[in-house]
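Q: Let me begin by handing over the structure; questions about it come next.
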Amino acid sequence: MEKRLSFDNVDMVSFLGANDSNIKILENAFSIEMMFRGDQALLRGNDEEVVHTEKILKEMAYVLNTSGKLAPNDVQMIIDLTMEGREIVSDKEFDSVILYTRTDTIKAKTTGQQQYISAARKNDICFAIGPAGTGKTYLAVALAVASLKKGIVKKIILVRPAVEAGESLGFLPGDFREKIDPYLRPLYDALDEMLPTEKLKGYLEKGIVEIVPLAYMRGRTLNQAFVILDEAQNTTDTQMKMFLTRLGVNSRAIITGDITQIDLPPKTISGLVKAQEILKNVDGVEFIYFEKSDIVRHKLVKDIIDAYEKHFEKETRV
């Protein structure tokens, strides 16, 4: 049996151990051939032993990236637990991991989030629709950063419509960039958690990461890019079509939004609402719908959303 594995965003020096000490323990435990090149591994040998080794290697990656260290005695413990049929992390949980950072492991926390990650990985265009706090934008940015680190894409472009929600841009202080930055701040915040400050600064300066208003997308063709359109409920039908037709070769897009939070002028149809009808049967496009059960912010967020829904239902009946 032959098995290839990829350990994206894993510190391979720590993973292999000093002088490959961690791997030598595995080699002593199993009579299979293991070859490592970069973050790729090739296993060859008896079917059962290859399956056991794959599980152990995934456990090793999980321990390293959650604790920040992996010693030979950790590897031996993982081998012992695996051979006893006990696992630290299941294959399903490992597959749900999007990105390892210095302080956290970013992964799916709900069934809806797991479906979202799967859909985004399988399709070139994925729509994520649902209430605030479900991780739509945060996970999209994590998927984009992971794709950049893996070399799947060469740049990340994060886009938001600058729609006024009860405020007037004209009365905000500063030039246009200073006026627009508050609308883009949630995207900066997400990136700040996933990339070291200096690396993010370098990416922004080199144009490897762009954070721009939707209006700046017109006329562009985006090749080898991971593009995220956030707050898409505030796009018009024309803007949505314009955005989706920017995609070029080897690019993918995630579009996030909450159709209960539309800030467009009265009688203006949301591009996100319209897209559900127009694109529902297009291959390579998938819609994921989050429920209140997917909310992962403060526990009060779910209660607040429930309270508002009940209030509006009561007003509607009157």
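Q: Within the set of other residues whose C-beta is less than 12 Å from the C-beta of Thr268, count the net charge using Lys and Arg as +1 and Asp and Glu as -1.
A: Numbers: positive: Lys267, Lys274; negative: Asp237, Asp263.
After counting each charged neighbour, the total is 0.
Q: Which of the peptides 231-237, 144-150 is most tightly packed, and how do the rest follow, judged by the mean count of other Cβ atoms within 10 Å per residue?
A: Going by the mean number of other Cβ atoms within 10 Å, highest first, we get 231-237, 144-150.
Q: Another one. Any chance you could run the full-extension gain for Ile304 through Gln76? It's 0.36 nm times the residue separation minus the Cα-Cα distance, nm to one decimal.
A: Between Ile304 and Gln76, full extension yields an extra 77.3 nm.
Q: I would also like to ask the following. Taking a label point 7 Å from the Cα of Ser31 along the Cα→Cβ vector, which residues of region 45-61 have an amide N closer than 15 Å to it?
A: 45-50
Q: Please list, short to long, the whole-number percent of alpha-carbon pairs of region 1-79 in consecutive 5 angstrom bins beginning at zero.
A: Bin by bin from 0 Å, the calculated values are 3, 16, 31, 29, 16, 4, 0.
Q: Work out from phi, with θ = phi - 60° and the Karplus expression 6.51 cos²θ - 1.76 cosθ + 1.60, the ³J(HN,Hα) of each residue of region 54-64, listed in order in whole Hz, and give x for Gly and Pro.
A: Coupling constants for region 54-64: 4, 4, 5, 4, 5, 5, 4, 4, 5, 4, 4 Hz.
Q: Then there is this: Given a Förster radius of 51 Å and the C-beta distance between Ala132 and Glu84 as r, what FRET efficiency does 1/(1 + (r/R0)^6) yield to the nearest 0.05?
A: Rounded to the nearest 0.05, the efficiency is 0.75.
Q: In this model, which of Lys107/Lys241; Lys3/Lys154; Lys55/Lys136; Lys109/Lys292; Lys3/Lys24; Lys107/Lys150 are farther than 23 Å apart at the alpha-carbon?
A: Among Lys107/Lys241; Lys3/Lys154; Lys55/Lys136; Lys109/Lys292; Lys3/Lys24; Lys107/Lys150, the Cα-Cα distance tops 23 Å for Lys107/Lys241; Lys3/Lys154; Lys55/Lys136.
Q: Where the eigenvalues come from the Cα gyration tensor of region 200-318, what are the semi-axes √(5λ) of the equivalent ellipsoid, largest first, in whole Å? Could you put the intermediate results ahead of the total?
A: Details: eigenvalues 187, 71, 42 Å².
The answer is 31, 19, 15 Å, longest axis first.
Q: Tell me which residues come under 5 Å, amide H to amide H, from Ile255 once H is placed; ignore anything under 5 positions away on its chain.
A: For Ile255, whose amide H was placed from the backbone, the distant partners under 5 Å are Cys126, Phe127, Ala128, Leu229.
Q: Could you run the Karplus curve 6.51 cos²θ - 1.76 cosθ + 1.60 with θ = phi - 60° over region 127-136 and give me ³J(HN,Hα) per residue in whole Hz, x for Gly and Pro?
A: The phi angles translate into 9, 10, 10, x, x, 4, x, 8, x, 4 Hz.
Q: List every residue whose amide H lies under 5 Å from the amide H of Leu99, counting only residues 5 or more places away in sequence or on a different chain, with H placed 1.01 Å from N in the peptide plane.
A: Amide H to amide H, under 5 Å and 5 or more residues apart or across chains, Leu99 pairs with Ile106.
Read the figures in this text as sums done on the coordinates, not as results from a lab. Since this is a predicted model, take the numbers as computed values, not measurements. FYI the Cβ positions are ideal-geometry reconstructions off the backbone, even for glycines, and counts take in every protein chain you see.
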